[in-house]
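K.L.:
Once you've had a glance at the structure underneath, I'll fire off some questions.
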Amino acid sequence: MREQESPGTSAEVSWTVDGTTVDGTLVVPAGTGPFPAVVLVAGSGPTDRDWNTPLLPGTNGSARLLAGALAGAGFASLRYDKRAAGPRARENMQSLIGKVSMQSHLDELAGAVGILAGDGAIRADRIFAVANSEGTLHALNYQVGDPAIPLAGLVLIAPPGRSVGAVARAQVAEQFAAAPGAAEMLARYDAAIARFAAGETFAPDPTLPPPVQQLLQGLMTPANLPFARELWTADAAGPLGRVAAPVLVIIGKKDIQVDWQADGEPLRRAAAARPDVAFLFPDDANHVLKHEARPRAGLVAAEVLAGYNDPAARLDPLALRGLLDWLIARA
């Protein structure tokens, strides 16, 4: 049953993946369909359908804001909880231990596309993906995998042009930059990552900063394996050159996690022969497409992350306009 949700109606939907349930919200715009549609694919961690995570404060997630903007532009959307997130996280976790993988994320996404394609209010030939960060890898892998229901196009928000491991190391190096003994701490981090890559177990060095210890511990959490090792070497540049659909890449210049130059350049090289791949680098957009007014040089990671889902945070208007215009032109 659909309920009124300005500027459209919303309904709760669900599907199963490997014996577990995926829940989502389908928003259909006002008016007469069938409508083009977007599946919203979340980034890393226990991220829910609105792109909120218990690891960060606030519930003003970008996906919920995007769904409203898409409905206003005449697009239906489906956003869904990753199975390790949302109200079913506890229920699903026991079944997910050791089974989370790149393929299991593709299965979640394929289920979402199938829900959209099977809805009479949706144009099955005009389903797009709008994906964030890690989610861009799943959207790309879905499309290059010759799916039964191909996407009409992909919007990739903050895709890693370098490997996920290289992006993480750059973030860690930036955290260490002003600390005494930075080179030594980075060497200890590299040693831990080498053991991780070799398939060995380890305990995070207690002398490393707590956020870095949490990163290392997260890599070795049983529920994250084998996915963590698959993800660590993945990047968006490889599949971007092979994807059979138009693509819009958006990396904000205020993104402190994916860099518009260091990650944008390998993506540009991968798409050099692809006239249907466009790039947008909004001056004031952050990693989750929110507007960031402060100068890039003064941004502190902890403060930026804490503000992602602040009640006052809003989508960057230039980034949003570029995203909507690109989709409208292809709908």
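K.L.:
Looking at the range 187-245, which of its residues are of a type in the set (D, E, K, R) and in contact with a Gly (Cβ under 8 Å, 6 or more places away or on another chain)?
P.N.:
Correct list: ARG229, ASP235.
K.L.:
Limited to the range 16-42, what total is found for residues that are modelled with pLDDT under 95 and either of a type in the set (Phe, Trp, Tyr) or outside any strand (DSSP E or B) (or both)?
P.N.:
Total satisfying the criteria: 6.
K.L.:
Condition check: at pLDDT 90 or above, open to solvent by 10 Å² or more (accessible area, probe 1.4 Å) and closer than 27 Å to ARG314 by Cα. Does SER133 satisfy that?
P.N.:
Against the criterion (at pLDDT 90 or above, open to solvent by 10 Å² or more (accessible area, probe 1.4 Å) and closer than 27 Å to ARG314 by Cα), SER133 qualifies.
K.L.:
Which pairs do you get when a residue that is under 13 Å from GLN175 (Cα atoms), found in the range 299-318, comes within reach of a residue that is part of a helix (DSSP H, G or I), reach meaning Cβ atoms under 9 angstrom, with the pair 6+ apart or on two chains?
P.N.:
ALA301/GLN171; ALA301/GLU174; ALA301/GLN175; ALA301/PRO211; ALA302/PRO211
K.L.:
Can we say ARG294 is touching a residue at least 60 places away in the same chain (Cβ under 8 Å) and surrounded by fewer than 16 Cβ atoms within 10 Å (Cβ to Cβ)?
P.N.:
Answer is no for this residue.
K.L.:
Which ranges mark the helices (runs of 4 or more DSSP H) fully within the range 202-266 that have 3 or more residues being at pLDDT below 90 and open to solvent by 40 Å² or more (accessible area, probe 1.4 Å)?
P.N.:
Of the helices (runs of 4 or more DSSP H) lying wholly inside the range 202-266, those with at least 3 residues that are at pLDDT below 90 and open to solvent by 40 Å² or more (accessible area, probe 1.4 Å) span 210-220.
K.L.:
Same structure again: Within the range 300-330, track down each residue that is out of contact with any Phe, Trp or Tyr (no Cβ under 9 Å at 6 or more places or on another chain), of a type in the set (D, E, K, R) and part of a helix (DSSP H, G or I).
P.N.:
Within the range 300-330, GLU303, ARG321, ASP325 meet the criteria.
K.L.:
List, please: which pairs have Cβ atoms under 8 Å, are six or more places apart or on different chains, and start with a residue in the range 245-261 that is under 11 Å from ARG296 (Cα atoms) and end with one that is assigned to a strand (DSSP E or B)?
P.N.:
From residues that are under 11 Å from ARG296 (Cα atoms), the pairs are GLY252/ALA285; LYS253/ALA285; LYS254/ALA285; ASP255/ALA285.
K.L.:
Taking the range 275-331 as the region of interest, how many residues are within 14 Å of ALA158 (Cβ to Cβ), in contact with a helix residue (DSSP H, G or I) (Cβ under 8 Å, 6 or more places away or on another chain) and of a type in the set (Val, Ile, Thr)?
P.N.:
The qualifying residues number 1.
K.L.:
Based on this model, can you work out whether ALA170 counts as in a helix (DSSP H, G or I) and farther than 30 Å from ALA30 by Cβ?
P.N.:
yes
K.L.:
Tell me whether the range 269-285 contains one or more residues that are assigned to a helix (DSSP H, G or I) and at pLDDT 95 or above.
P.N.:
yes
K.L.:
Could you identify the single residue in ILE115, ILE149, ILE157 that is surrounded by fewer than 19 Cβ atoms within 10 Å (Cβ to Cβ) and touching a strand residue (DSSP E or B) at 6+ places or on another chain (Cβ under 8 Å)?
P.N.:
Of ILE115, ILE149, ILE157, the one residue that is surrounded by fewer than 19 Cβ atoms within 10 Å (Cβ to Cβ) and touching a strand residue (DSSP E or B) at 6+ places or on another chain (Cβ under 8 Å) is ILE149.
K.L.:
Considering only the range 301-320, I want to know if a residue exists there that is at pLDDT 95 or above, under 30 Å from PRO147 (Cα atoms), under 19 Å from the mean Cα position of the chain (by Cα) and open to solvent by 20 Å² or more (accessible area, probe 1.4 Å).
P.N.:
Yes, that holds for at least one residue.
K.L.:
Restricted to the range 18-43, and to residues that are out of contact with any strand residue (DSSP E or B) (no Cβ under 6 Å at 6 or more places or on another chain) and buried (at least 18 other Cβ atoms within 10 Å of the Cβ), which residue is farthest from ALA223 (Cα to Cα)?
P.N.:
Filtering first and then ranking leaves ALA42.
K.L.:
If you go through the range 188-195 one residue at a time, do you hit one that is surrounded by fewer than 17 Cβ atoms within 10 Å (Cβ to Cβ) and touching a Phe, Trp or Tyr at 6+ places or on another chain (Cβ under 8 Å)?
P.N.:
Yes; the residues of the range 188-195 include at least one that is surrounded by fewer than 17 Cβ atoms within 10 Å (Cβ to Cβ) and touching a Phe, Trp or Tyr at 6+ places or on another chain (Cβ under 8 Å).
K.L.:
Between a first residue in the range 184-212 that is acidic (Asp, Glu) and a second residue that is surrounded by fewer than 19 Cβ atoms within 10 Å (Cβ to Cβ), which pairs have beta carbons less than 8 Å apart while being 6 or more apart in sequence or on different chains?
P.N.:
Filtered contacts from the range 184-212: ASP190/ARG169; ASP205/ARG188; ASP205/GLN213.
The values are calculated or read from the model by the stated rules, or taken from the named source; none is laboratory data. Note that the coordinates shown come from a computational prediction; the quantities given were computed from them, not determined experimentally. All Cβ positions, even for glycine, are placed from backbone atoms using ideal geometry, and neighbour counts span all protein chains on display. Accessible surface is based on the protein model in full, side chains and every heavy atom, while ligands, DNA and RNA are left aside. Shrake-Rupley method; radii C 1.70, N 1.55, O 1.52, S 1.80 Å.
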